[in-house]
Amino acid sequence: MFFDNDSSAILLLEDGTYFEGLSFGALGTISGEVVFNTGMTGYQEVITDPSYYGQLITFTYPEIGNTGVNSEDNESLHPSVKGVIARQISKTSSNWRHEILFEKWLKDENVVGIHGIDTRALVRHLRESGTLNGIISSESSYSIDELFSLLKKSPSMSGLNLVDKVTTKDSYQVTSICPVSFDQRIKNTKTIPYNVVAIDFGIKQSILDRLVAHGCEVTVLPSNASISDVLDLSPEGVFLSNGPGDPSTVDSGIQLAKNLIKFEKLPVFGICLGHQILGLALGGKTFKLPYGHRGLNHPCGLNGKVEITSQNHGFALNSESLNNEKIKITRFNLNDQTVAAISVIDRPFFGVQYHPEASPGPHDADHHFNHFVTLIEDRRRIVD
């Protein structure tokens, strides 16, 4: 059998490929879509990003955990991933902000992990075959056939609505600045803050931090918020957040976006899933990428202008489905020419597929937040 000792673990893919390794974090058996992130930093932000909900995340960087975990870098209160796959984990932490060991944190949060496998071989396999469901087990009581039976019950990400799993249940306000003192990006200096409503499809904390840093006071509403819920707050702008799962299944969000675009002067900004929902509301269609875009160095641009971006998505807008009389594609992913950003012609509506808030990743794209508040400021001048 695969379990030679108490620390053995196995990763089994739906096509029968398997990798033997060692367990870390919590002991258990968990299944989900196996994806990979090519970033060299930011494992804590990745693991707590709600857009990864239900997935088994593979880190291509050969060692993770060496900076530990701290309370300031979480993108949500708890890990969103089901499992972690790594080549090697650090048993110690060396960082001035470290509060808890990486492995202990995963164990306390009940996240199952496997390390000691050839992650290069795994990623090459996923790139060649496309994303696959998989199962991690550190429980020796299961046979390979039993693990296969459990794996077959794991749903495909296509057609799966996961937003309900991560959205807030109640509305709340965000007005405080990011607590990380060494972040030297723009800070809020607005005397009269911009009143922004954010729809939470799985919103990252760093997105809220960047909105506040650019002068916004943000009211966060659940994903099933109606147009009346939004308008009752008299917003100067509306933000559509990132989130997990298949965007085409988020019916309430798509309907809300359809209603929002009837208000021709109200700025609307979408990131990742929010960008896709905006595109769907405008009549576009989405499709599942072979293995997704997840990393910190994806080039996006158009007409000779390029920014290096942080990305995490498994779906994208179909460029041919977008009405070019209404929608302008403002950036492409330069690796595969998929749609990376859109804007609506003669309307203050725009979306970006990547993550301008970074966390982790480069800050090249932070200017999109400034564009959003500039649209709000322009609207203020008209209203006033």
TODO: Answer yes if at least one residue in region 45-58 is under 20 Å from LYS104 (Cβ atoms), in a loop (DSSP other than H, G, I, E, B) and touching a strand residue (DSSP E or B) at 6+ places or on another chain (Cβ under 6 Å), and no otherwise.
DONE: no
TODO: Run down SER7, SER51, SER71, SER94 and say which single residue is modelled with pLDDT of 95 or more and polar (S, T, N, Q).
DONE: SER51
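For region 220-251, how many residues meet the condition of being among the hydroxyl-bearing types (Ser, Thr, Tyr), in a helix (DSSP H, G or I) and either under 23 Å from the mean Cα position of the chain (by Cα) or within 20 Å of ARG347 (Cβ to Cβ) (or both)? Please lay out each step first, then the result.
The initial filter retains those residues of region 220-251 that are among the hydroxyl-bearing types (Ser, Thr, Tyr), namely 223, 226, 228, 234, 241, 248-249.
Narrowing the set further to residues that are in a helix (DSSP H, G or I) leaves 228, 248-249.
In the following step, the residues that additionally are either under 23 Å from the mean Cα position of the chain (by Cα) or within 20 Å of ARG347 (Cβ to Cβ) (or both) were identified as 248-249.
Summing the residues that are among the hydroxyl-bearing types (Ser, Thr, Tyr), in a helix (DSSP H, G or I) and either under 23 Å from the mean Cα position of the chain (by Cα) or within 20 Å of ARG347 (Cβ to Cβ) (or both) in region 220-251 gives 2.
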TODO: Return the residue satisfying two criteria in turn: it lies in region 127-145 and is loosely packed, with under 13 Cβ neighbours inside 10 Å and charged (D, E, K, R), and of such residues it is nearest to ASN110 (Cα to Cα).
DONE: ASP145
Task: Pair list, Cβ < 7 Å and 6+ apart or interchain, from region 75-96 residues that are farther than 30 Å from THR168 by Cα to residues that are aliphatic (A, V, I, L, M) and surrounded by fewer than 19 Cβ atoms within 10 Å (Cβ to Cβ) - done: SER93/LEU101
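Restricting to region 222-246, count the residues that are of a type in the set (Val, Ile, Thr) and either surrounded by 20 or more Cβ atoms within 10 Å (Cβ to Cβ) or in contact with a strand residue (DSSP E or B) (Cβ under 9 Å, 6 or more places away or on another chain) (or both). Write out each step before concluding.
The initial filter retains those residues of region 222-246 that are of a type in the set (Val, Ile, Thr), namely 227, 230, 238.
Those left that are additionally either surrounded by 20 or more Cβ atoms within 10 Å (Cβ to Cβ) or in contact with a strand residue (DSSP E or B) (Cβ under 9 Å, 6 or more places away or on another chain) (or both): 230, 238.
Total meeting the criteria: 2.
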Task: Residues (surrounded by fewer than 17 Cβ atoms within 10 Å (Cβ to Cβ) and without any contact (Cβ under 8 Å) to a residue 24 or more places away in the chain) located in region 338-365 - done: ILE345, ASP346
Task: Number of the exception - ASN335 against (1) surrounded by fewer than 18 Cβ atoms within 10 Å (Cβ to Cβ); (2) out of contact with any His (no Cβ under 7 Å at 6 or more places or on another chain); (3) among the polar types (S, T, N, Q) - done: (2)
- [ ] Filter region 91-110 down to the residues that are touching a strand residue (DSSP E or B) at 6+ places or on another chain (Cβ under 6 Å) and exposed (fewer than 15 other Cβ atoms within 10 Å of the Cβ), then identify the one that is farthest from LEU27 (Cα to Cα).
- [x] ILE100
Task: The lone exception for GLY295 - which of (1) of a type in the set (Gly, Ala, Ser); (2) assigned to a strand (DSSP E or B); (3) within 27 Å of LYS262 (Cβ to Cβ) it fails - done: (3)
Task: Among the candidates GLY304, GLY283, residue that is touching a residue at least 40 places away in the same chain (Cβ under 8 Å), more than 30 Å from ILE192 (Cα to Cα) and either charged (D, E, K, R) or out of contact with any Phe, Trp or Tyr (no Cβ under 8 Å at 6 or more places or on another chain) (or both) - done: GLY283
Open item on the list: Being under 14 Å from SER359 (Cα atoms) and either modelled with pLDDT of 70 or more or buried (at least 16 other Cβ atoms within 10 Å of the Cβ) (or both) is the filter here; which residues of region 181-200 pass it?
Closed with: ASP183, ARG185
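Just give me the residues in region 64-81 being surrounded by fewer than 22 Cβ atoms within 10 Å (Cβ to Cβ) and touching a Leu at 6+ places or on another chain (Cβ under 8 Å), in sequence order. Can you show your working first?
Here is the first cut: in region 64-81, the ones surrounded by fewer than 22 Cβ atoms within 10 Å (Cβ to Cβ) are 66-68, 70-74, 76-78.
Hit for region 64-81 is GLY68, nothing else.
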TODO: Taking VAL84 as meeting all but one of (1) in a strand (DSSP E or B); (2) surrounded by fewer than 23 Cβ atoms within 10 Å (Cβ to Cβ); (3) not hydroxyl-bearing (Ser, Thr, Tyr), write down the number of the exception.
DONE: (2)
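From GLU109, GLU103, GLU128, GLU99, which residue is within 17 Å of LEU22 (Cα to Cα), out of contact with any helix residue (DSSP H, G or I) (no Cβ under 7 Å at 6 or more places or on another chain) and among the acidic types (Asp, Glu)?
Working: GLU109 fails: within 17 Å of LEU22 (Cα to Cα); GLU128 fails: within 17 Å of LEU22 (Cα to Cα); GLU99 fails: within 17 Å of LEU22 (Cα to Cα).
When all the criteria are applied, what remains is GLU103.
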- [ ] Select from region 339-384 the residues that are within 17 Å of GLY274 (Cβ to Cβ), within 20 Å of the chain's Cα centre (by Cα), part of a loop (DSSP other than H, G, I, E, B) and not aliphatic (A, V, I, L, M) and list them in ascending order.
- [x] GLN353, TYR354, PRO356, GLU357, SER359
Task: When residues of region 45-63 are limited to those that are buried (at least 23 other Cβ atoms within 10 Å of the Cβ) and over 13 Å from the mean Cα position of the chain (by Cα), the one farthest from TRP96 (Cα to Cα) - done: LEU56
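The values are calculated or read from the model by the stated rules, or taken from the named source; none is laboratory data. Bear in mind the structure is a predicted one, so any value in this text is a computation, not a measurement. Note that each Cβ is placed from the backbone with ideal geometry, even for glycine, and that neighbours are counted across all protein chains shown.
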